[in-house]
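The values are calculated or read from the model by the stated rules, or taken from the named source; none is laboratory data. Small disclaimer: the values here were computed from a predicted structure and weren't measured. Cβ placement follows ideal geometry from the backbone for every residue including glycine, while neighbour counts extend to all protein chains displayed.
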Amino acid sequence: MKALVTRPPEDAAPLVRALADRGIETILAPLLAIRALPDAARQLTDALIGAQALLFTSANGARLFASSSPRRELPVFAVGDATAAAARIAGFRAVTSAGGDVSDLAHLVRAKLAPQGGAVVHAAGSVVAGELGAALEAAGFTYRRAVIYDAVTAEKLPPEAAAAMRDGALEFALFFSPRTAATFVRLVHAADLAGASSAITALGLSEAVATALAPLSWRAVRVAAQPTQGALIAALDALLAERRQNRA
């Protein structure tokens, strides 16, 4: 069995291991390239004045913060466990994971912090999902978004991914963001491979991801019960169990 993983290599390693444990070979097809912005250090210096906490909604935010600023003393609130792990690797000691999506992160911040304690700084890319800022500002927080990187979409499918689709070699494709899913749909159409998706089961991190995948006809689309990698793997395990049962 083969699965297409659309995450960048630095994010994909734990998932590749989990798939290998299930006898599934991975084809990596990173569809977003992360590029630090030249003024990231200045953006952070300005945003961190009087800040009480840092917010990360992606592992990229944590990594790019670490390469642009020496500050590590502020508490970190991360959207999920993978992002929290990246923050700890980057040297932050006080890291709390919301274990979900930006709504969960906003709820966590409101529960743990007081607006009068200072600004909360969201180190993020030029494109963000969800309404984190609006949710926190409605609760009285001073929200600052420091744009420190761009996530640039790929211009074509990686050759190995295109060949696997053309040959009907893929059984699964895993998607973690609506933007990545929409990019995949666009590139598949550009490569004249839309028909190949009918043999593939797509697994998405959220309903928003599934919506972005809808322009293609899939064998099936499964959505994780929660927006976490663990829940996505659980959805894959349930699918594999169904297939084993059907063959019995």
Requested in this report: Tell me which residues, restricted to the range 72-85, are surrounded by fewer than 21 Cβ atoms within 10 Å (Cβ to Cβ) and at pLDDT 95 or above.
Outcome: 72, 73, 74, 75
Query raised in the report: Between a first residue in the range 231-246 that is under 20 Å from residue 99 (Cβ atoms) and a second residue that is of a type outside the set (Phe, Trp, Tyr) and exposed (fewer than 14 other Cβ atoms within 10 Å of the Cβ), which pairs have beta carbons less than 6 Å apart while being 6 or more apart in sequence or on different chains?
Result: 231/225
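Considering only the range 1-34, state which residues are in a helix (DSSP H, G or I) and farther than 20 Å from residue 126 by Cα.
9, 12, 13, 14, 15, 16, 17, 18, 19, 20, 21
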Query raised in the report: Out of all the residues in the range 215-237, which are of a type in the set (Gly, Ala, Ser) and touching a strand residue (DSSP E or B) at 6+ places or on another chain (Cβ under 8 Å)?
Result: 220, 224, 235
Query raised in the report: Looking at (1) out of contact with any strand residue (DSSP E or B) (no Cβ under 6 Å at 6 or more places or on another chain); (2) surrounded by fewer than 18 Cβ atoms within 10 Å (Cβ to Cβ), which is the only condition residue 30 fails?
Result: (2)
Query - Selected residue [surrounded by 14 or more Cβ atoms within 10 Å (Cβ to Cβ), over 16 Å from residue 170 (Cα atoms) and not assigned by TED's automatic domain parsing to the domain that holds residue 122] from 12, 59, 53, 47 - result: 12
**Report entry** Single residue of 216, 174, 205 found to be touching a Ser or Thr at 6+ places or on another chain (Cβ under 8 Å), buried (at least 18 other Cβ atoms within 10 Å of the Cβ), modelled with pLDDT under 95 and outside the structural domain of residue 62 (by TED's automatic domain parsing)
**Finding:** 205
Report summary line: Per the list (1) within 19 Å of residue 176 (Cβ to Cβ); (2) out of contact with any helix residue (DSSP H, G or I) (no Cβ under 8 Å at 6 or more places or on another chain), residue check on residue 116 breaks on (1)
Report summary line: Output for Cβ contacts, cut-off 6 Å, separation at least six or different chains, first residue free of Cβ contacts under 8 Å to residues at least 12 places away in the same chain and part of a strand (DSSP E or B) in the range 96-122, second crowded, with 20+ Cβ neighbours inside 10 Å and hydroxyl-bearing (Ser, Thr, Tyr), reads none
Query raised in the report: Residues 49, 27: which one is in contact with an Asp or Glu (Cβ under 6 Å, 6 or more places away or on another chain) and over 21 Å from residue 135 (Cβ atoms)?
Result: 27
